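> Sharing a structure with you now.
What follows draws every value from the coordinates through simple rules; no lab data is involved. What you see is a predicted model; the values in this text were computed from it and never measured. Backbone-built Cβ (ideal geometry, glycine too); neighbour counts: all protein chains shown.
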Amino acid sequence: MSIDMSVNFAGIQLKNPVMPASGCFGFGREYAKYYDLSALGAIVVKATTMKPRSGNPTPRVTEVWGGMLNSIGLANPGVDKVVAEELPWLQQFAIPIIVNVAGETIEEYCYVVERICQSGLAHGIELNVSCPNVHQGGLSFGVDTKVLSELLQEVRKVCTLPLIVKLSPNVTDITEIAKAAEATGADGLSLINTLVGMKIDIKTRKPVLARGIGGLSGPAIKPVAIRMVYQVAKTVHIPIIGIGGITSAEDVIAYVMAGATAVEVGTANFTNPYACPQIIEDLEHYMGKHGIRNLEEIRGCAL
Amino acid sequence: MKLQITNNRELAFGIWQMDITGEFPYCKVQAGQFVHIQVGDGFNHVLRRPISIAEVDPKQQQLTIVYRVVGEGTKWLSQQNAGDFIDLLGPLGNGFCVEKCKRSLIVGGGIGIPPLYEQAKRLMEQGETLDIYLGFRTSEEVFWKERFDKLGNTQVYTEDGFIGKKGFVTEGIAHRLAADPNIWENVYACGPRGMLKAVQTLFAEIPIGGGVSLEERMACGVGACYGCTCKTTSEETRRICVDGPVFSWREVNLS
């Protein structure tokens with residue numbers, strides 16, 4: 001039986017549905033020392049902003065039961081350097097490149113999206129309206145349907161690539177935000193970003209993270225993320241990238257059954273730098289063993 | 001890569017030594033580099049633990065780490081036995097340079113001391129005179145004093161004073177500097193941030209080489225996540241895992 005792992009996500013052709021999640025993989029250079037990145041379905045690079053950002057004070061990361069908290073704060077070299085150095089370097093792997101874009105104002109989002117689209121070096125935009133670790137922008141765009149619609153209307157005017165909106169789980173009803181994104185021009189959705197959390201060091205009697213709060217990721221959030229993918233898949237007609245606690249091929253299958261077209265793997269890269277290629281290899285075996293010729297056969301079967 | 005534990009024992013209160021063998025690029029290790037160790041099975045613990053390399057013996061194919069049991073991950077490490085396998089990445093980061101000079105100062109505090117052992121060994125082997133100042137919180141946490149004694153003139157400081165001198169290493173160093181500000185050409189240090197800052201301040205007006213090794217909570221350990229950053233004196237961001245953990249004294253902002 002021939003196994004076809006390829007998927008088409010909002011016009012982006014992926015040879016398999018597995019890509020590293022934004023923020024967990026830099027711009028790929030570090031993990032290219034461990035394996036050939038051309039094995040990936042696509043790469044989603046670190047959140048890119050108009051100007052370079054150094055991020056929040058340290059400690060910025062800490063482990064918790066079943067996952068971790070981070071408060072990196074969108075540290076990145078800025079769009080000039082990303083377009084001049086990082087995206088050209090990534091071309092050698094001949095895989096789709098999706099650039100995660102963040103900003104503090106509508107103008108900033110539009111500027112970065114336009115620069116990325118005009119560079120001709122990327123295949124998709126993932127709009128980050130869900131970062132819990134910055135005061136301005138980020139999450140504030142992703143929790144209010146009206147604010148999100150205003151942002152998307154403007155971004156849509158300058159975005160010539162498939163536009164994927166990355167949603168926050170830190171909302172009352174994620175389907176409302178998803179519907180608003182679909183109605184104002186999103187070509188796809190990715191969900192979820194991290195859940196806001198905190199860890200207290202009982203010796204110092206203070207939060208462990210310097211900023212106090214951080215984003216929870218890892219296996220602990222998988223049930224929440226799968227529930228949200230399921231709910232959103234029932235509500236919208238645009239494709240979904242499932243994100244949250246994926247560590248195995250079985251997890252990928254579960255997300256696809258809940259309605260996801262593709263997935264992003266984040267925290268697992270830290271535990272095992274070979275997590276993505278391992279999951280891709282295991283996914284092919286799983287599909288073969290269970291008589292799944294292509295993922296379309298099981299997509300949304302749990303709905 | 002999977003390596004095998006040959007020895008794992010408590011050296012002092014809460015301080016453990018683990019010897020590891022197996023396929024590893026022993027000859028490429030710089031003193032001050034670290035290994036990133038997976039703890040627990042599968043994804044029980046999502047973050048690896050960065051532990052500096054205390055000693056490397058290419059002939060015996062042996063790597064030694066010394067760690068303090070502070071949380072769940074290091075507790076798990078302390079429960080592993082000889083014969084067990086552990087998964088580690090490394091060697092990672094940039095270690096200490098080995099510039100030849102006549103006389104160097106080694107300053108270590110607590111669990112920052114281990115990477116200085118391999119560095120001191122290499123400096124001693126090339127004929128340098130070493131003054132070694134080791135600080136510990138309590139006397140029951142003192143370890144490897146005898147090992148350092150063989151490498152140079154070693155002074156131990158504890159906060160309780162039962163072993164060595166009572167007080168902080170910086171007091172002894174300040175005293176020596178008052179007599180001769182240019183006694184040391186290179187200074188190598190690792191330990192609590194407060195101690196490192198105090199050492200940097202002591203040498204603020206004195207030109208020195210060497211390096212300072214920093215510690216921070218890490219996630220990926222390979223430079224991808226920007227979890228473990230620090231600032232340079234010109235306010236630029238550096239990643240401790242790949243740009244460090246060893247930095248030059250003039251480059252890094254320790255405040």
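> For chain A, which semi-axes, largest first and in whole Å, follow from the square roots of 5 times the eigenvalues of its Cα gyration tensor?
Output for chain A: semi-axes of 26, 23, 20 Å.
> Rounded to the nearest 0.05, what FRET efficiency is calculated for A:K157 and B:M1 with R0 set to 56 Å and r the Cβ-Cβ distance?
0.65
> For region B:192-255, how big is the tail of P(r) above 13 Å, as a whole percent of Cα pairs?
The share of Cα pairs beyond 13 Å in region B:192-255 comes to 61 percent.
> Also: Quick one: dipole size for the protein assembly as shown, taken about the Cα centre, charges +1 on Lys/Arg Cβ and -1 on Asp/Glu Cβ, in debye to the nearest 20.
Value, rounded to 20: 680 debye.
> Simple spin-label model, 7 Å along Cα-to-Cβ: B:K231 to B:A178 in nm?
Here the modelled spin labels are 3.3 nm apart.
> Excluding same-chain pairs closer than 8 in sequence, count the lysine pairs in region B:103-213 whose Cα atoms lie under 17 Å apart.
4
> Another question, if that's okay. Please build a GNM for chain B, connecting alpha carbons under 10 Å apart, and tell me which residue among B:D87, B:D19, B:D180 fluctuates the most.
Looking only at B:D87, B:D19, B:D180, the largest GNM fluctuation is found for B:D180.
> Label points 7 Å out from Cα along the Cβ direction at A:S54 and A:S149: separation in nm?
Output for this residue pair reads 4.1 nm.
> While we're here: Express the relative contact order of region B:2-92 as a whole percentage, based on alpha carbon pairs under 8 Å and six or more residues apart in sequence.
Relative contact order comes out at 40 percent.
> Which residue fluctuates most in the GNM of chain A (Cα springs below 10 Å): A:A249, A:A260, A:A21?
Ranking A:A249, A:A260, A:A21 by mean-square fluctuation puts A:A249 first.
> When the helices in chain B are scored as -39500 (n - 2.57) per DSSP H run of 4 or longer and the sum is shared across all residues, what 222 nm value do you end up with, to the nearest 500 deg cm²/dmol?
-5000 deg cm²/dmol
> Between region A:248-303 and region B:109-135, what is the C-alpha centre distance in whole Å?
Their Cα centres are 49 Å away from one another.
> Also: So if each residue of separation counts as 0.36 nm, and I subtract the Cα-Cα distance between A:S38 and A:K179, what length gain in nm does that give?
Working: separation 141, 0.36 × 141 = 50.76 nm, distance 3.38 nm.
Stretched fully, the A:S38-A:K179 segment lengthens by 47.4 nm.
> Cα convex hull of chain B: mean projected area in nm², to one decimal?
So the Cα hull casts an average projection of 13.1 nm².
> Next question, about the same structure. Using only Cα atoms and rounding to the nearest 10 degrees, what angle (0 to 90) does helix B:169-179 make with the longest principal axis of chain B?
Orientation of helix B:169-179: about 30 degrees from the principal axis.
> Only residues of region B:97-121 count here: report those whose backbone N is under 12 Å from the spot 7 Å along Cα→Cβ of B:D149, or say none.
Residues passing the 12 Å test: none.
> Same structure again: Mind checking which of A:S140, A:S22, A:S168 has the largest fluctuation in a GNM of chain A, springs on alpha carbons under 10 Å?
A:S140
> Below 21 Å, Cα to Cα, which lysines can B:K2 reach? Residues fewer than 8 away in the same chain don't count.
Partners within reach: A:K33, B:K28, B:K59, B:K75.
> With only Lys, Arg, Asp and Glu charged, each at its Cβ (+1 for the first two, -1 for the last two), find how big the charge dipole of region B:103-213 is about the Cα centre; round to the nearest 20 debye. It would help to have the intermediate numbers written out before the result.
Numbers: 12 positive and 14 negative charges, 22 e Å.
The dipole of region B:103-213 has a size of about 100 debye.
> I've got another one for you. Restrict the search to region A:147-210; then list the trypsin sites (Lys or Arg not before Pro) that DSSP places in a loop and that have at most 14 other Cβ atoms within 10 Å of their Cβ.
Answer in residue order: A:K203, A:R205.
> Taking 0.36 nm per residue of sequence separation and subtracting the Cα-Cα distance, how much length would be gained by fully extending the chain between A:K289 and A:T172, in nm to one decimal?
Between A:K289 and A:T172, full extension yields an extra 38.2 nm.
> Between B:R103 and B:L11, how many nm apart are label points set 7 Å from Cα along the C-beta direction?
Placing both labels 7 Å along Cα→Cβ, they lie 2.7 nm apart.
> Kindly express, to the nearest 10 degrees and within the range 0 to 90, the angle between helix B:193-202's C-alpha long axis and the longest C-alpha principal axis of chain B.
Helix B:193-202 sits roughly 30 degrees off the main axis of chain B.
> Now a separate question. Beyond 23 Å, what share of the Cα-Cα pairs of region B:103-213 is found? Please give it as a whole percent.
Roughly 19 percent, rounded to a whole number.
> Compare the Cα positions of B:A54, A:L127, B:F136 along the charge dipole of the protein assembly as shown (+1 at Cβ of Lys, Arg; -1 at Cβ of Asp, Glu; about the Cα centre) and return the one farthest towards the positive end.
Looking along the dipole axis, the top candidate is B:F136.
> Moving on to the next point. Let me know the Kirkwood hydrodynamic radius for the protein assembly as shown, please, with Cα pairs as the basis and the value in Å to one decimal.
This gives a value of 24.9 Å.
> At a Cα cut-off below 22 Å, give the lysines reachable from A:K166, other chains included and same-chain residues fewer than 8 away excluded.
A:K15, A:K46, A:K51, A:K146, A:K157, A:K179, A:K222, A:K234
> Tell me, what is the Rg over Rh of region B:2-92, with Rh the Kirkwood radius over Cα pairs? Walk me through the numbers before you get to the answer.
Details: Rg = 12.1 Å, Rh = 13.1 Å.
The Rg/Rh ratio comes out at 0.93.
> How big is D, in µm² s⁻¹, for region A:1-109 by Stokes-Einstein at 20 °C and 1.002 mPa s if Rh is the Kirkwood radius over C-alpha pairs?
Roughly 138 µm²/s, to the nearest whole number.
> At a Förster radius of 22 Å, what calculated FRET efficiency corresponds to the Cβ-Cβ distance of B:K28 and B:E251, to the nearest 0.05?
The pair B:K28/B:E251 has a calculated efficiency of 0.40.
> Name the residue from A:A75, A:M1, A:V147 whose Cα lies farthest towards the positive end of the charge dipole of chain A, charges +1 on Cβ of Lys and Arg and -1 on Cβ of Asp and Glu.
A:A75
> Here's a follow-up. Any chance you could check the Cα centroid distance between region A:15-60 and region B:32-65 for me, in angstrom?
24 Å
> Just to be sure I follow the definition: excluding the sites themselves, where is the longest run in chain A that has none of the chymotrypsin sites (Phe, Trp or Tyr not before Pro) in a DSSP loop with at most 16 other Cβ atoms within 10 Å?
Counting only loop sites that pass the neighbour cut-off, the longest clear stretch is A:66-273.
> Compute the FRET efficiency between B:Q60 and B:R193 as 1/(1 + (r/R0)^6), taking r as their Cβ-Cβ distance and R0 = 41 Å, and round to the nearest 0.05.
Computed FRET efficiency for B:Q60 and B:R193 comes out at 0.75.
> Turning to a different aspect of this structure: In chain B, what cysteines have no partner Cβ closer than 4.7 Å?
When partners are defined as cysteine Cβ atoms under 4.7 Å apart, chain B leaves B:C27, B:C97, B:C101, B:C190, B:C228, B:C230, B:C241 without one.
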